[in-house]
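Trainee: There's a structure below that I have some questions on.
The values are calculated or read from the model by the stated rules, or taken from the named source; none is laboratory data. Treat the numbers as computed from the prediction; the structure is a model and nothing was measured. Glycine also receives a Cβ, built like all others from the backbone with ideal geometry; neighbour counts cover every protein chain displayed.
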Amino acid sequence: MQADNIRKNPGKIIGSFLSGNFPAGQDIELLRKIITLNLIILIGSLFTFILGMIAFAQKNMLLGGVDFLVFFILLGLFYYMKTRQNYTVSARFGVIIIGLFYTYLIFNGGVHNTAFLWLLTYPPIVLFLLGNRHGAKISLGFIAVVLTALIFRNALHIPAFYSKDILIRFVAVYVSIHFISYAMEGIRSLVQRQMKQINIELEQLNKEKETLISELRNSIDEIKTLQGILPICARCKKIRNDHGYWEQVEEYMHVHSNVKFSHSICPECRVELYPELKANKTD
């Protein structure tokens, strides 16, 4: 039965695996960040393992060792996320590890000086994990530090060498990805805020609707109480209530309908009780 559910709902299984032990009903924005971070960790672990094996096969022991070191660090970070659910610490630590790893790659050059291509993934990673406010500063600061180091590569004894044509195009692509990611994250945040506001308004409308329904039910109950046949005394006009007691008409109506009475005397009763007064005299 469980195997059938897994085959029928593979998306739910993958989502549950990426979200970890995230409790249901919590902030959906935090869930998005946790899934994004876990996805980045797992993809990074996969490729660092594969590229590490390739580096060892090519006798590049230093690069292979660094790849495997990052691979084990990412696995540890994934385990930490699954057990502690501390997104803030995990995201900041992950951004630092990835930044250091990318810095090593561009300074080392990797295989045929192609490792710098990995840096193009850094802007969306930091912007999606940390948000535009902090992510933009880290992304632009990172590329500024890297370019400064490459400009003074001889003084810093950096082994990798990139032509000016490559650096110019690399920076152009990096900045383009940065601002596209910045815009996407900004739009997503805006939509998220609008959805939260809509949810708040919907909750308020639901509360008002429940209040209105409650008031209508009370009104219906009051109307029902006044429906049907009322036992009334033929002489004194008292009404017998549900408990068998006789009440004045005024009291009964006030209790069951909130109607208040003001007393006066009709013209017929006035003539009968006060014949000395003119019958046509108004109150």
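Trainee: Kindly check whether there is at least one residue in region 103-124 that is polar (S, T, N, Q) and either in contact (Cβ under 8 Å) with a residue 60 or more places away in the chain or under 16 Å from ILE40 (Cα atoms) (or both). Steps first, answer last, please.
Mentor: So the first thing to find is which residues in region 103-124 are polar (S, T, N, Q), and the list is 103, 108, 113-114, 121.
Adding the requirement that they be either in contact (Cβ under 8 Å) with a residue 60 or more places away in the chain or under 16 Å from ILE40 (Cα atoms) (or both) leaves 121.
Yes, region 103-124 contains a residue that is polar (S, T, N, Q) and either in contact (Cβ under 8 Å) with a residue 60 or more places away in the chain or under 16 Å from ILE40 (Cα atoms) (or both).
Trainee: Continuing with the same structure: How about region 1-80: which helices (runs of 4 or more DSSP H) wholly inside it have at least 1 residues that are modelled with pLDDT of 85 or more and in the same structural domain as ASN199 (by TED's automatic domain parsing)?
Mentor: Because the criterion is at least 1 residues that are modelled with pLDDT of 85 or more and in the same structural domain as ASN199 (by TED's automatic domain parsing), the helices (runs of 4 or more DSSP H) in region 1-80 that meet it are 28-57.
Trainee: Next question, about the same structure. Here's a check for you: in region 84-102, which residue that is assigned to a helix (DSSP H, G or I) and without any contact (Cβ under 8 Å) to a residue 12 or more places away in the chain is farthest from the chain's Cα centre (by Cα)? Show your work before the answer.
Mentor: From region 84-102, those assigned to a helix (DSSP H, G or I) are 84, 87-102; that's our starting set.
With without any contact (Cβ under 8 Å) to a residue 12 or more places away in the chain added as a condition, the list becomes 84, 88-89, 96, 100.
Working: ARG84: 20, THR88: 16, VAL89: 19, ILE96: 25, LEU100: 31 Å.
Filtering region 84-102 for residues that are assigned to a helix (DSSP H, G or I) and without any contact (Cβ under 8 Å) to a residue 12 or more places away in the chain, the one farthest from the chain's Cα centre (by Cα) comes out as LEU100.
Trainee: Restricting the search to region 130-167, which residues are within 16 Å of ILE98 (Cα to Cα) and among the basic types (Lys, Arg)?
Mentor: Hit for region 130-167 is LYS137, nothing else.
Trainee: List the pairs whose first member sits in region 225-239 and is at pLDDT 70 or above, whose second member is assigned to a loop (DSSP other than H, G, I, E, B), and whose Cβ atoms are under 8 Å apart, counting only residues at least 6 apart or on separate chains?
Mentor: Cβ pairs passing all conditions: ILE232/LYS238; LYS238/GLN248; ILE239/LEU230; ILE239/PRO231; ILE239/CYS233; ILE239/GLN248.
Trainee: Related question: Mind listing just one residue for me: the one in region 108-121 that is surrounded by fewer than 20 Cβ atoms within 10 Å (Cβ to Cβ) and within 28 Å of ARG32 (Cβ to Cβ) and, of those, farthest from the chain's Cα centre (by Cα)?
Mentor: Here the residue is LEU117.
Trainee: Would you mind stating whether LEU167 is surrounded by 13 or more Cβ atoms within 10 Å (Cβ to Cβ) and in contact (Cβ under 8 Å) with a residue 24 or more places away in the chain?
Mentor: Numbers: surrounded by 13 or more Cβ atoms within 10 Å (Cβ to Cβ): yes; in contact (Cβ under 8 Å) with a residue 24 or more places away in the chain: no.
No: the conditions fail for LEU167.
Trainee: Of the numbered conditions (1) of a type in the set (A, V, I, L, M, F, W, C); (2) more than 40 Å from the chain's Cα centre (by Cα); (3) surrounded by 19 or more Cβ atoms within 10 Å (Cβ to Cβ), LEU105 fails exactly one; give the number of that condition.
Mentor: (2)
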